Amino acid sequence: MFKKTLVAIDNSAFGQVVFEKALTLAKALNGQLMLLNVLSSQEEGYPKTQPGRYGQEAAQCYLAEWEAFKASGLELLQARATQAIEMGVSTEITQSLGNPGQSICDLAQTWKADLIVLGCHNGSDLGELILGSVSNYVNHNSHCSVLTIRASMEKPSSIESKPMVMQHS
(Lines give C-alpha, C1' and ligand atoms only; values in the text may rest on other atoms or scores of the structure.)
Protein backbone atom coordinates (compact mmCIF):
# COMPACT_ATOMS: atom_id res chain seq x y z
CA MET A 1 0.00 0.00 0.00
CA PHE A 2 1.02 3.66 0.07
CA LYS A 3 3.38 4.00 3.03
CA LYS A 4 5.73 6.66 1.63
CA THR A 5 4.05 9.61 -0.06
CA LEU A 6 5.92 12.43 -1.75
CA VAL A 7 3.90 15.64 -1.84
CA ALA A 8 4.88 18.42 -4.24
CA ILE A 9 3.65 21.70 -2.78
CA ASP A 10 3.83 25.36 -3.61
CA ASN A 11 2.65 28.54 -1.90
CA SER A 12 -0.72 28.74 -3.68
CA ALA A 13 -4.10 28.25 -1.99
CA PHE A 14 -4.50 25.16 -4.15
CA GLY A 15 -1.16 23.87 -2.81
CA GLN A 16 -2.80 23.81 0.63
CA VAL A 17 -5.63 21.66 -0.73
CA VAL A 18 -3.12 19.22 -2.25
CA PHE A 19 -1.26 19.02 1.05
CA GLU A 20 -4.45 18.42 3.06
CA LYS A 21 -5.54 15.57 0.78
CA ALA A 22 -2.11 13.94 1.01
CA LEU A 23 -2.08 14.37 4.79
CA THR A 24 -5.54 12.78 5.13
CA LEU A 25 -4.41 9.82 3.03
CA ALA A 26 -1.13 9.37 4.94
CA LYS A 27 -2.95 9.54 8.29
CA ALA A 28 -5.54 6.95 7.18
CA LEU A 29 -2.85 4.58 5.88
CA ASN A 30 -0.41 5.14 8.76
CA GLY A 31 2.12 6.35 6.21
CA GLN A 32 4.81 8.98 6.09
CA LEU A 33 5.21 12.13 4.04
CA MET A 34 8.05 13.82 2.22
CA LEU A 35 7.11 17.42 1.45
CA LEU A 36 8.92 18.91 -1.54
CA ASN A 37 9.08 22.51 -2.70
CA VAL A 38 10.88 23.03 -6.01
CA LEU A 39 12.39 26.46 -6.56
CA SER A 40 11.51 27.00 -10.19
CA SER A 41 11.07 29.90 -12.57
CA GLN A 42 7.55 28.55 -13.15
CA GLU A 43 6.53 29.34 -9.56
CA GLU A 44 4.86 32.59 -8.62
CA GLY A 45 7.25 34.95 -6.85
CA TYR A 46 10.39 33.66 -8.59
CA PRO A 47 12.90 36.55 -8.67
CA LYS A 48 13.25 38.38 -11.96
CA THR A 49 15.87 40.85 -13.07
CA GLN A 50 14.83 44.42 -12.46
CA PRO A 51 14.71 46.78 -15.44
CA GLY A 52 16.87 49.84 -14.93
CA ARG A 53 19.27 48.12 -12.55
CA TYR A 54 22.69 47.06 -13.71
CA GLY A 55 25.92 45.66 -12.36
CA GLN A 56 26.42 45.11 -8.67
CA GLU A 57 23.15 46.85 -7.73
CA ALA A 58 21.16 44.45 -9.95
CA ALA A 59 23.05 41.43 -8.59
CA GLN A 60 22.47 42.46 -4.97
CA CYS A 61 18.79 43.09 -5.60
CA TYR A 62 18.38 39.73 -7.34
CA LEU A 63 20.24 37.87 -4.57
CA ALA A 64 18.08 39.49 -1.89
CA GLU A 65 14.91 38.49 -3.77
CA TRP A 66 16.30 34.97 -4.29
CA GLU A 67 17.03 34.50 -0.58
CA ALA A 68 13.53 35.75 0.31
CA PHE A 69 11.97 33.38 -2.25
CA LYS A 70 13.97 30.44 -0.91
CA ALA A 71 13.17 31.32 2.73
CA SER A 72 9.47 31.60 1.92
CA GLY A 73 9.52 28.06 0.48
CA LEU A 74 11.28 26.70 3.56
CA GLU A 75 8.80 28.46 5.86
CA LEU A 76 5.95 26.87 3.93
CA LEU A 77 7.53 23.42 4.21
CA GLN A 78 8.19 23.80 7.92
CA ALA A 79 4.65 25.02 8.65
CA ARG A 80 3.06 22.14 6.79
CA ALA A 81 5.46 19.60 8.34
CA THR A 82 4.52 20.87 11.79
CA GLN A 83 0.84 20.47 10.93
CA ALA A 84 1.40 16.88 9.75
CA ILE A 85 3.55 15.93 12.74
CA GLU A 86 0.91 17.34 15.11
CA MET A 87 -1.56 14.95 13.45
CA GLY A 88 0.79 12.04 14.11
CA VAL A 89 2.20 11.65 10.58
CA SER A 90 5.96 11.18 10.24
CA THR A 91 7.10 13.97 7.91
CA GLU A 92 10.31 15.12 6.25
CA ILE A 93 10.91 18.20 4.13
CA THR A 94 13.20 19.09 1.28
CA GLN A 95 13.63 21.93 -1.14
CA SER A 96 15.34 21.71 -4.51
CA LEU A 97 16.17 23.95 -7.43
CA GLY A 98 15.39 23.03 -11.00
CA ASN A 99 12.82 21.52 -13.28
CA PRO A 100 9.79 20.63 -11.11
CA GLY A 101 8.75 17.46 -12.95
CA GLN A 102 12.24 16.03 -13.05
CA SER A 103 12.94 17.03 -9.43
CA ILE A 104 9.75 15.32 -8.25
CA CYS A 105 10.49 12.09 -10.14
CA ASP A 106 14.13 12.03 -9.03
CA LEU A 107 13.28 12.49 -5.36
CA ALA A 108 10.46 9.94 -5.53
CA GLN A 109 12.90 7.36 -6.86
CA THR A 110 15.71 8.23 -4.40
CA TRP A 111 13.35 8.28 -1.40
CA LYS A 112 11.58 5.13 -2.66
CA ALA A 113 8.13 6.73 -2.61
CA ASP A 114 5.07 4.54 -3.16
CA LEU A 115 2.94 7.50 -4.22
CA ILE A 116 3.37 11.04 -5.50
CA VAL A 117 0.63 13.59 -4.80
CA LEU A 118 0.63 16.83 -6.77
CA GLY A 119 -1.77 19.41 -8.09
CA CYS A 120 -2.79 20.21 -11.61
CA HIS A 121 -3.57 23.91 -11.96
CA ASN A 122 -5.51 23.50 -15.23
CA GLY A 123 -3.28 25.77 -17.27
CA SER A 124 -4.28 26.69 -20.78
CA ASP A 125 -4.03 23.94 -23.37
CA LEU A 126 -1.72 26.12 -25.46
CA GLY A 127 0.54 26.84 -22.48
CA GLU A 128 0.79 23.14 -21.65
CA LEU A 129 1.49 22.31 -25.28
CA ILE A 130 4.37 24.79 -25.43
CA LEU A 131 5.78 24.57 -21.90
CA GLY A 132 4.58 21.16 -20.86
CA SER A 133 2.82 20.32 -17.64
CA VAL A 134 4.50 19.24 -14.43
CA SER A 135 1.71 16.79 -13.64
CA ASN A 136 1.85 15.35 -17.17
CA TYR A 137 5.62 14.91 -16.94
CA VAL A 138 5.35 13.19 -13.55
CA ASN A 139 2.51 10.93 -14.72
CA HIS A 140 4.62 9.74 -17.64
CA ASN A 141 8.03 9.51 -15.96
CA SER A 142 7.45 8.42 -12.36
CA HIS A 143 8.46 4.98 -11.13
CA CYS A 144 5.47 4.88 -8.75
CA SER A 145 1.76 5.69 -8.62
CA VAL A 146 0.68 9.30 -9.00
CA LEU A 147 -2.38 11.01 -7.52
CA THR A 148 -3.17 14.22 -9.37
CA ILE A 149 -5.48 16.65 -7.61
CA ARG A 150 -7.22 18.79 -10.20
CA ALA A 151 -8.41 22.33 -9.65
CA SER A 152 -11.95 22.79 -10.91
CA MET A 153 -12.24 25.04 -13.95
CA GLU A 154 -15.93 25.70 -13.32
CA LYS A 155 -15.45 27.71 -10.09
CA PRO A 156 -12.24 29.74 -10.22
CA SER A 157 -13.17 31.69 -7.08
CA SER A 158 -13.36 28.57 -4.96
CA ILE A 159 -11.13 25.56 -4.86
CA GLU A 160 -12.74 22.27 -5.73
CA SER A 161 -10.80 19.17 -6.60
CA LYS A 162 -11.34 15.95 -8.48
CA PRO A 163 -8.78 13.24 -7.70
CA MET A 164 -7.44 11.07 -10.48
CA VAL A 165 -5.22 8.09 -9.79
CA MET A 166 -2.89 6.80 -12.45
CA GLN A 167 -1.02 3.55 -11.87
CA HIS A 168 2.43 3.04 -13.29
CA SER A 169 4.16 -0.32 -13.38
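On a 29 Å Cα-Cα criterion, which of the cross-link pairs K70/K112; K4/K48; K21/K112; K21/K70; K27/K112 come out too long?
Check vs 29 Å cut-off fails for K4/K48.
Would you grab the residues whose amide H sits under 5 Å from the one on L115? Only those 5+ places off in sequence or on another chain, please, with H modelled 1.01 Å from N.
Under 5 Å from the amide H of L115 lie the amide H atoms of K4, L6, each far enough along the sequence or on another chain.
How much of the calculated P(r) for segment 19-62 lies past 11 Å, in percent of all Cα pairs?
74 percent
Leaving ligands, DNA and RNA out of it, rank Y46, Y137 by accessible area with a 1.4 Å probe, largest first.
Accessible-area ranking of Y46, Y137, largest first: Y137, Y46.
What do you get for Rg/Rh over segment 1-95 if you use C-alpha atoms and the Kirkwood form of Rh?
Radius of gyration over Kirkwood radius for segment 1-95 works out to 1.13.
Sticking with the crude label model, points 7 Å out along Cα→Cβ, report the distance from Y137 to L74 in nm, one decimal please.
2.4 nm
Using the Cβ atoms and a cut-off under 15 Å, what net charge is assigned to the surroundings of A59, where Lys and Arg are +1 and Asp and Glu are -1?
Once all neighbours under 15 Å are counted, the net charge is -1.
The values are calculated or read from the model by the stated rules, or taken from the named source; none is laboratory data. The model shown is predicted, which means the values in this text are computed figures rather than measured ones. Here Cβ is always computed from backbone atoms with ideal geometry, including for glycine, and neighbour counts include all displayed protein chains. Only protein heavy atoms, including side chains, enter the accessible area calculation; ligands, DNA and RNA are left aside. Shrake-Rupley method; radii C 1.70, N 1.55, O 1.52, S 1.80 Å.
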